[in-house]
Amino acid sequence: MAKLTIFGATGKTGRLLCEGALAQSHAVTAFVREPAKLGGLAGRVDIVTGQLDDGPAIARAIAGADAVVSALGTVDRKPNTVLSDATGRIVQAMQAQGGVRFAAITSLGCGSSRTQVNSRLMRLLIKTLAKEIWADKDRQEDVIRASSLDYLIVRPGGLTDKPARGEWTELRAGESHKGSQMIARADVAAYILERIRCGEFGRDEVALF
């Protein structure tokens, strides 16, 4: 059993991470702004309430954790640094406490996976409507990469709410894939929990679908 801290626990993927971790008998701490949004999870996880600019609250949330997971996301299409700033504070707090494993969910099309996107529509969206969202996710990854942490960056393709298949395709830099690049949120959560179970992340960056 591990002690996990999850940021973004009230989002769709974050909730699945919490549920999956609890099913595997892990102890879960959820960092949330609005505990009421946890619903039935509220009585099953430890809760730290705070904003993403609250350094002391972030430090309390990760204290004693074996692994920290960020399922943070944004839909703000205006220029912003919400994700990169929040990730910077999480990384800073983790390094101050000695550092543990850190898994972060970004998106296919970030970093070295930009050339792995095989959908013309997706490539167009990244360049236009979602340009600022992907730009900050790139900055978020840069923050993680510049840290001394043992990290795992997971870049899922198009997310669905379908049941988990229990299998996935992993791509690393320089690899390509011609098939579907969709994946269920439940499989993203299962993949991260499996990587936590397996041990060190090895500063790994994976496109997942």
Worksheet item: Between Arg172 and Val82, how many nm apart are label points set 7 Å from Cα along the C-beta direction?
Response: 3.3
Response to the item:
Which residues qualify? For Val69, with a placed amide H closer than 5 Å and at least 5 residues away or on another chain, they are Thr5, Ile6, Phe7, Ala103
Item to complete: Using the Karplus curve 6.51 cos²θ - 1.76 cosθ + 1.60 with θ = phi - 60°, work out ³J(HN,Hα) for each residue of region 143-160 in order, rounded to whole Hz, and write x for Gly and Pro.
Response: 4, 5, 5, 7, 7, 9, 6, 7, 10, 9, 9, 10, 10, x, x, x, 8, 10
Worksheet item: Relative to the first principal axis of the alpha-carbon coordinates of the chain, what is the inclination of helix 12-23, with its axis defined by its Cα atoms, in degrees from 0 to 90 and to the nearest 10?
Response: 50
Discussion item. Under 17 Å from a point placed 7 Å out from the Cα of Asp142 along the Cα-to-Cβ direction: which residues of region 48-83 have their backbone N that close?
Written reply: 79-83
Worksheet item: What list do you get for Arg89, Arg77 if you sort them by fewest beta carbons within 10 Å?
Response: Arg77, Arg89
Worksheet, complete the sentence: The answer for Ile47, listing residues at least 5 apart or on another chain whose modeled amide H is closer than 5 Å to its amide H, is Ala30
Discussion item. Need one number: % antiparallel among DSSP beta bridges in region 3-208, to the nearest 5.
Written reply: 5
Worksheet, complete the sentence: Taking Glu200, Glu205 and counting other beta carbon atoms within 10 angstrom, the fewest-first order is Glu200, Glu205
Worksheet item: How would you order 54-62, 119-127, 105-113 from highest to lowest mean count of nearby Cβ atoms within 10 Å?
Response: 105-113, 54-62, 119-127
Item to complete: Please quote Rg/Rh for region 3-208 to two decimal places, taking the Kirkwood radius as Rh and restricting both calculations to Cα atoms.
Response: 0.94
Worksheet item: Residue by residue, what Karplus-based ³J(HN,Hα) values in Hz, rounded to whole numbers, does region 93-106 have, using 6.51, -1.76 and 1.60 with θ = phi - 60° and x for Gly and Pro?
Response: 5, 5, 5, 5, 9, x, x, 9, 6, 10, 10, 10, 9, 10
Worksheet entry | In order through region 192-204: 3J(HN,Hα) via Karplus (6.51 cos²θ - 1.76 cosθ + 1.60), integer Hz, x for Gly, Pro | 5, 5, 5, 5, 5, 4, 6, x, 4, 7, x, 6, 9
Worksheet item: Charges only on Cβ, +1 for Lys and Arg, -1 for Asp and Glu: so what's the dipole of the chain about the Cα centre, in debye to the nearest 20?
Response: 540
Worksheet entry | For the chain, calculated [θ]222 nm from helices alone, where every DSSP H run of n ≥ 4 adds -39500 (n - 2.57) | -10500 deg cm²/dmol
Discussion item. Under 17 Å between alpha carbons, and skipping anything fewer than 8 positions from Lys162 in its own chain: which lysines qualify?
Written reply: Lys12
Practice prompt. Search the structure for amide H atoms under 5 Å from the amide H of Arg203, placed 1.01 Å from N in the peptide plane, and list their residues when 5 or more places away or on another chain.
Written response: Tyr151
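Just so you know, all these numbers are worked out from the coordinates, no wet-lab data involved. Everything numeric in this text was worked out from a predicted model, so none of it was measured. Neighbour counts run over all protein chains shown; Cβ positions are idealised from the backbone, glycine included.
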